[in-house]
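The structure under discussion is supplied below as structure tokens; questions concerning it will follow.
The values are calculated or read from the model by the stated rules, or taken from the named source; none is laboratory data. Note that the structure is a prediction, hence the values are computed from the model and not measured. Heads up, the Cβs are rebuilt from the backbone with ideal geometry, glycines too, and the neighbour counts pull from every protein chain shown. Accessible surface is based on the protein model in full, side chains and every heavy atom, while ligands, DNA and RNA are left aside. Shrake-Rupley method; radii C 1.70, N 1.55, O 1.52, S 1.80 Å.
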Amino acid sequence: LVAALAETRRRLLEEVGQVIVGQRDVLDQVLTALFAKGHCVMTGVPGLAKTLIVSSLAKTLSLDFKRIQFTPDLMPTDITGTMVLAEGDQAHPGGRGHRSFAFQSGPIFTNMLLADEINRTPPKTQAALLEAMQEHEVTVGGTTYRLEEPFFVLATQNPIEQEGTYPLPEAQRDRFLFNVIVDYPSRDQEGEIIDRTTSTLEMELSPVVSGREIIECQHTVRRVP
């Protein structure tokens, strides 16, 4: 089981490495959080490929992936979903169609969620993630909906001293297993980044790990003392 876990990690790092230059420590910590069934937030200034790391990892996993761009005007229902008035096919004697409220799920109903620039939205909206990250479920209109496994959140945030950011509340920070600091690449790595981004060659990533394999890896980690 441990050998299978190591092989899964190697395949993921090899595939993502085709697009991401360097940042090996960041990738190691993100995968550790994934295998430990935890969530991860990456902190760094804009332009350090935080979003690219997450989207590239998503392409290597056979999982449903959604991205939420956090902005100051984002509402909690934009994340969890909301009740909408739907018109059915049945008709009443009066001739009018039957109307009822139906739940329209939000982007949080996925396996892998990218919360991009999570600290650019007020705490009220950030709190919409609390129940989902801790209990893996969402409650809307008095009804609780279970999220499909595996479910994990990978968030990015800019340093809090930057303009237009809202520090994450302590309860929100507690939901993340790791806060990974994304630093600048080395001079050689910057040269390789320039070569890749200015060439006509575009790398196409392929899924190498299924959701079932991820769940098996998580079970293996839980069995380690």
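When the helices in the chain are scored as -39500 (n - 2.57) per DSSP H run of 4 or longer and the sum is shared across all residues, what 222 nm value do you end up with, to the nearest 500 deg cm²/dmol? Working shown, then result.
Values: 9 runs with 80 residues, N = 225.
Roughly -10000 deg cm²/dmol at 222 nm, from the helical runs in the chain.
For the chain, set up a GNM with springs between Cα atoms under 10 Å and report which of 45, 209, 84 has the largest fluctuation.
Greatest mean-square fluctuation among the candidates belongs to 84.
What residue among 200, 121, 82 shows peak mean-square fluctuation when the chain is described by a Gaussian network model with Cα springs under 10 Å?
200
What percentage of the solvent-accessible surface of the stretch 121-201, computed with a 1.4 Å probe over protein heavy atoms, is contributed by carbon and sulfur atoms? Please report the intermediate quantities before stating the final value.
Numbers: 2460 of 4970 Å².
Carbon with sulfur: 49 percent of the solvent-accessible area.
When the accessible area of the stretch 1-120 is computed with all protein chains present and a 1.4 Å probe, what percentage of it is carbon and sulfur?
Numbers: 3120 of 5850 Å².
On the stretch 1-120, the fraction of accessible area on carbon and sulfur atoms equals 53 percent.
Ok, one more. Pick from 202, 213, 87: which residue has the top mean-square fluctuation in a GNM of the chain where Cα pairs under 10 Å get a spring?
Ranking 202, 213, 87 by mean-square fluctuation puts 87 first.
Shape verdict for the stretch 119-225, please, from the Cα gyration tensor: rounded (a/c under 1.5), prolate (a/b greater than b/c) or oblate. Please report the intermediate quantities before stating the final value.
Values: a/c = 2.06, a/b = 1.30, b/c = 1.59.
Because a/c hits 1.5 or more and a/b fails to exceed b/c, the stretch 119-225 counts as oblate.
Among DSSP beta bridges lying fully in the chain, give the percent that are antiparallel, nearest 5.
Working: 12 of 31 bridges.
So the antiparallel bridges amount to about 40 percent of the total.
Right, next: Could you tell me how many degrees, from 0 to 90 and to the nearest 10, lie between the Cα long axis of helix 50-59 and the main elongation axis, the longest principal axis, of the Cα atoms of the chain?
80
Among 85, 113, 52, what's the order by accessible area (1.4 angstrom probe), most exposed first? Walk me through the numbers on the way to the answer.
Numbers: 85 105, 113 0, 52 75 Å².
Order by accessible area, largest first: 85, 52, 113.
Need the list of lysines near residue 50 for cross-linking: C-alpha distance under 18 angstrom, and skip anything on the same chain fewer than eight residues off.
Leaving aside lysines fewer than 8 places away in the same chain, those within reach of residue 50 are 59, 66.
Let me ask something else about it. Give, rounded to the nearest 20 debye, the magnitude of the charge dipole that the chain has about its Cα centre when Lys and Arg contribute +1 at Cβ and Asp and Glu contribute -1 at Cβ. Numbers along the way, then the final one.
Values: 21 positive and 30 negative charges, 106 e Å.
So the magnitude is around 520 debye.
Next up: Quick one: if you stick a label point 7 Å off each Cα along the C-beta vector at residue 146 and residue 181, how many nm between them?
Each label point is offset 7 Å from its Cα along the Cβ direction, giving 4.1 nm.
Next question, about the same structure. For helix 211-222, what angle does its Cα long axis make with the longest principal axis of the chain, in degrees from 0 to 90 and rounded to 10?
With rounding to tens, the tilt is 70 degrees.
Same structure, new question: Return one whole number: the accessible area per residue of the stretch 26-65 in Å², for a 1.4 Å probe.
Working: 1240 Å² over 40 residues.
Solvent-accessible surface per residue comes out at 31 Å².
Can you give the accessible area per residue of the stretch 92-225, in Å², using a 1.4 Å probe?
Numbers: 8210 Å² over 134 residues.
For the stretch 92-225, the per-residue accessible area is 61 Å².
Mind pulling the angle between the C-alpha long axis of helix 187-198 and the longest principal axis of the chain? Nearest 10 degrees, somewhere in 0 to 90.
Once rounded, one gets 60 degrees.
Would you kindly derive the ³J(HN,Hα) couplings of the stretch 34-41 from the backbone phi angles with the Karplus curve 6.51 cos²θ - 1.76 cosθ + 1.60 (θ = phi - 60°), listing them in order in whole Hz, with x for Gly and Pro?
4, 6, 8, 6, x, 10, 9, 10
Now a separate question. Using amide H atoms built 1.01 Å from N in the peptide plane, name the residues 5+ places from residue 145, or on other chains, whose amide H lies under 5 Å from its own.
Long-range HN contacts for residue 145: 138, 139, 140.
A further question on this structure: Largest first and to the nearest Å, give the Cα extent of the chain along each principal axis.
Sorted from largest, the Cα extents of the chain read 74, 46, 43 Å.
Please report how far the C-alpha centroid of the stretch 11-31 lies from that of the stretch 180-225, rounded to the nearest whole angstrom.
3
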